[in-house]
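First the structure, then my questions, so here it is.
The values are calculated or read from the model by the stated rules, or taken from the named source; none is laboratory data. All values derive from a computational prediction rather than experimental measurement. Here Cβ is always computed from backbone atoms with ideal geometry, including for glycine, and neighbour counts include all displayed protein chains.
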Amino acid sequence: MTYTYTKTLETRYDVDVCVVGGGPAGIAAGITAARQSAKVLILESQGFFGGCGTAALVPAFMQFSNGVDFMAGGIGREVFDRVCIPELRLSIRVEVLKRVYDDMVRESGADFLFHTSMVDVITRDGGVDAIVVAAKSGVYAVHAKLYVDATGDGDLCAWAGAPYELGDKNGHVMPSTLCQQWININWDDEPTFTREERTALVGKAIDDGVFTQPDFHLSGIWHTGKNTGGGNVSHCYGVNATDERSLTDAMVLGRHIVPEFERFYREYIGRAYKDASVIATGSYLGIRESRRIMGDYVLGVGDFRPDSTFDDEIGRYSYPIDIHPEMGRENYEKFLKEHTSMHLGRGESYGIPYRVLTPQKLSNVLVGGRCISTDQKMQSSIRVMPGCYITGQACGMAAALAAQGEQDIRRVDIRALQQKLAAMGAYLPNA
């Protein structure tokens, strides 16, 4: 059975820049555009900003620096300075991060709404005319001159007709993780294992029937407080982040395999974890990969090299190629070989061109975060939070410039964009 449904919608907001999604790319885009005096609205479906770093409880930012240069300069630097403390390195203190994002967005002057979800896109003449949102007060329209897709899954771009890819040539995507918050960890007694020793312990636990899945990739628990930790352990395989049934099944699985990891840490790692337990799991999965929106340039694994530069460069980054493997020891060994060989050296980085932020077939939409225009391998590098700050703030700056001019993302003055990004701290040695 099908239904035809029509409704006349009120346009409740009319702004220069509408940012859909309030994760690291979204807050970077919204803050940057607002600081350029653009009228900005950020829409977030959760009750707080942060995306995977808050709702999904992903416990760590990953690297901001290549060991010499702070590559996520600008918004990323501000977050780092406000949130990160030396004793916890890059670990995320979730409630601190929520408050910092609140403060930074409010200080910028950007307007924002929580508990508000985009449910449809209205296109016109090769661009997005308006988006339809659903909130507690009902369903209504938001109109903007420019839009930034910071949904993580590329929903806005895909629904507007931009081409995209999902997974490898067979449609396989990296597994997701339902991350956790742990308590009663005695960090002073934390044991030190080599990778081989830890893998052997996981293998023994699998042989002993502790685990439902033969998952050898144990990403670990990050030190987040005096006796607390952020767990990035367990995998949910074959998750399609654009399908609610797949997400539902994975959330249930993720919750039900957590006790297996509690037992593993208590009985096989021991010492620091003998009294450890999980007190919370994420309200959303830690999604590593979903849609990749195809832009005017597709950043590929061939660009993962230190001499990779572009005339329209908007940033540089250097996190390794990090594609989490499928189940089984053989896949894990293949992952280790790739992960340890496909990385850049100290002081090295690759360039990120503006064209990976400009979706094909759309004139007034930019895309930031993990769903920018890349191949699968390169996506596994740039998907982490510092990479999202870099691409998000470039989207925000470009959107603000386009809103002041011809409202066309391809008519943005690249030199002006680079100069403004550099002035706010972006790492642009070649611009």
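Can you tell me which residue among G230, G220, G238 is buried (at least 19 other Cβ atoms within 10 Å of the Cβ) and under 26 Å from R370 (Cβ atoms)?
Of the residues listed, the single one that is buried (at least 19 other Cβ atoms within 10 Å of the Cβ) and under 26 Å from R370 (Cβ atoms) is G230.
Next question, about the same structure. Of the conditions (1) crowded, with 19+ Cβ neighbours inside 10 Å; (2) part of a loop (DSSP other than H, G, I, E, B), H115 clears all except one; give me its number.
Of (1) crowded, with 19+ Cβ neighbours inside 10 Å; (2) part of a loop (DSSP other than H, G, I, E, B), only one is false for H115: (1).
State which residue pairs qualify: first residue within 14 Å of R255 (Cα to Cα) and inside region 173-187, second residue among the polar types (S, T, N, Q) and buried (at least 24 other Cβ atoms within 10 Å of the Cβ) in any location, beta carbons under 9 Å apart, and separation of 6 or more residues or different chains.
T177/S234; L178/S234; C179/S234; Q180/S234
Applying the selection to region 90-104, what residues are under 12 Å from I27 (Cβ atoms), out of contact with any Asp or Glu (no Cβ under 9 Å at 6 or more places or on another chain) and surrounded by 15 or more Cβ atoms within 10 Å (Cβ to Cβ)?
Within region 90-104, L97, K98, Y101, D102 qualify.
Right, another one. If I ask for residues that are part of a loop (DSSP other than H, G, I, E, B) and of a type in the set (K, R), which ones from region 284-303 would you list?
Residue satisfying the conditions is R288 alone.
Tell me which strands (runs of 3 or more DSSP E) are completely within region 171-268 and hold 1 or more residues being of a type in the set (A, V, I, L, M, F, W, C), or say none if there are none.
In region 171-268, the matching strands (runs of 3 or more DSSP E) lie at 180-183, 221-223.
Now, a different point. So, in region 158-170, of the ones that are assigned to a loop (DSSP other than H, G, I, E, B) and among the small types (G, A, S), which residue ends up nearest to the chain's Cα centre (by Cα)?
Among them, the one singled out is G167.
Still on this structure, please answer the following. Being touching a helix residue (DSSP H, G or I) at 6+ places or on another chain (Cβ under 8 Å) and closer than 21 Å to Q213 by Cβ, is that true of even one residue in region 332-349?
Yes, the conditions are met somewhere in region 332-349.
For region 322-431, which helices (runs of 4 or more DSSP H) that fit wholly inside it have 1 or more residues that are in contact with a strand residue (DSSP E or B) (Cβ under 7 Å, 6 or more places away or on another chain), surrounded by 21 or more Cβ atoms within 10 Å (Cβ to Cβ) and modelled with pLDDT of 95 or more?
Ranges flagged: 376-382, 385-404, 414-423.
I would also like to ask the following. Out of the residues in region 61-89 meeting the condition of being over 19 Å from the mean Cα position of the chain (by Cα) and among the acidic types (D, E), tell me which one is surrounded by the most Cβ atoms within 10 Å (Cβ to Cβ).
Checking each candidate, the answer is D69.
Conditions tested, residue by residue: (1) within 30 Å of S363 (Cβ to Cβ); (2) outside the structural domain of I390 (by TED's automatic domain parsing); (3) in contact with a helix residue (DSSP H, G or I) (Cβ under 8 Å, 6 or more places away or on another chain).
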residue: L156; (1), (2), (3): yes, no, no
residue: A160; (1), (2), (3): yes, no, no
residue: F211; (1), (2), (3): no, yes, yes
residue: H223; (1), (2), (3): no, yes, yes
residue: N232; (1), (2), (3): no, yes, no
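I'd like to verify a number: residues in region 294-321 that are of a type in the set (D, E) and either at positive phi or crowded, with 20+ Cβ neighbours inside 10 Å (or both), how many?
Count: 3.
Of V142, V100, V128, V133, which residue is under 25 Å from I75 (Cβ atoms), of a type outside the set (D, E, K, R) and in a helix (DSSP H, G or I)?
The conditions single out V100.
Also: Please work out which residue is nearest to R198 (Cα to Cα), limiting yourself to region 214-253 and to residues that are touching a His at 6+ places or on another chain (Cβ under 9 Å) and of a type in the set (G, A, S).
S219
While we're here: Can you tell me which residue in region 154-212 is surrounded by the most Cβ atoms within 10 Å (Cβ to Cβ), limited to those that are closer than 23 Å to I279 by Cβ, aromatic (F, W, Y) and touching a strand residue (DSSP E or B) at 6+ places or on another chain (Cβ under 8 Å)?
Result: W182.
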